[in-house]
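Rule-based calculations on the coordinates, nothing more; no lab input. Owing to the predicted nature of the structure, the values given are computational and were not obtained by experimental measurement. Every residue, glycine as well, gets a Cβ built from its backbone with ideal geometry; the counts of neighbours run over all protein chains shown.
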Amino acid sequence: MKKTVLLVGLLWLVTVLSPILLQKGETRNFEGETSLVSENLETDGAESSTVTALAEVSQDATVSVDVMVSGKKLSFPLDEYLVGVLAAEMPASFPEEALKAQVIAARSFILYRMTYPPSDGVHDGVPLCDDPGHCKAYRDLSDPDTIETLFGLNSETYMEKIRAAVRETDGLVLTYQGDPAMAAFHAVSGGMTESAEDVWGSAVPYLVEVESPGEEDAVQFTETVLFDPEDLRAILTEAYPEAVLDEDPALWLADVERSPAGMIKSASLGGVVVTGMELRMLLGLNSADFTWELQDGQVEITTTGYGHGVGMSQYGARAMALDGATCEEIVSHYYPGCEIDLLENTAILAED
Ligand SMILES: [Zn+2]
């Protein structure tokens, strides 16, 4: 159980942010593909034979995962569940090694959750749900229409990429001191990842700042949002009635303290101490790493990165993969100090 048990309370926070981002990124990635009608979906027979072949050799297939899907408790073999998670969490257009790194991270997180189920009682002891605002995003791919909507003309290629990423990393788990790792991830770090300590207030030995170069071509690398000062004042005053917001909106946010990776750890909003995370949630910003300026009578907020910034950056993983890195090198970079172990060596299988 070790110190990780103390982190159960973090789970909600860990998962609240990353899947949301990925979904947004995914939507943008798949724009233009969703309207295309595909005729090259695999047949039912071909799909089931693939699953059968996979199950015969798979460590993943020996683990059953309970998940609340649309409010109903379902059980999946881990390999099948990972296919649905990967389809929902990372664009299938990403390079194979990035997809494989994503599967290793997701598998580790799922096993972590099975070891330490959420303590908030939201899904009655079931370790996972399909609510991207709470656990992992998941796509039910049993309906060919869903696949077609997601991948359009690339349906066959992308489904095979996703299945291959799961199959080729079968049983690979990130562990820390023998426990599955809480392998958080996010879309875009902005150049350096954040530490769990800075973002969630509790240190995790392998969720620390690391460099994450090569993300600049992500749509969400930076984004500027404009607010009319009066509209913004109304939002801020409702949330922080004690804040004194004078005439010059450029001065509303002061005494900004940042983490080494750039996130606003604390600031004074009209005399009220706030965090960047609080303002991110309140204003719907991409990240808690942002600047605040007055331009042409508008408050201009420019964010860097997309997501909580902790753990693996998906666009960083993509950049590493395009640069020739293997999935093992990618996860070793983003989760320093973790080992890559086999599922059969973890307590999940040992207990069965
Ligand atoms: Zn949940």
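Couple of notes before you dig in:
- Among 72, 265, sorting on how many other beta-carbon atoms sit within 10 Å of each Cβ, with the fewest leading, yields 72, 265.
- Three-way shape label, segment 64-194, alpha-carbon gyration tensor, a/c 1.5: oblate
- Built amide H within the under 5 Å cut-off of residue 69, gap 5+: 74
- Here segment 222-304 has an Rg and Dmax of 11.6, 32 Å, counting Cα atoms alone.
- Length gained on full extension, residue 244 to residue 119: 41.2 nm, using 0.36 nm per residue less the C-alpha separation.
- Label-point separation in nm, residue 96 to residue 298, each point 7 Å along Cα→Cβ: 4.5
- Euclidean distance between Cα centres, segment 196-224 to segment 261-315, Å: 13
- Volume of the Cα convex hull of segment 148-283, divided per residue and given in Å³: 182
- By the beta-carbon count within 10 Å of each Cβ, the least crowded to most crowded order of 129, 135, fewest first, is 129, 135.
- Residues in segment 183-190 carry Karplus couplings, in order, of 7, 5, 8, 8, 7, 9, 8, x Hz; the curve used is 6.51 cos²θ - 1.76 cosθ + 1.60 with θ = phi - 60°, and Gly or Pro positions show x.
- Using the Cβ-Cβ distance between residue 143 and residue 75 with R0 set to 22 Å, the FRET efficiency works out to roughly 0.70.
- Among 146, 275, a tally of other beta-carbon atoms within 10 Å of each Cβ gives an order, fewest to most, of 146, 275.
- Within segment 245-352, the ratio Rg/Rh, alpha carbon atoms throughout and Rh by Kirkwood, equals 1.18.
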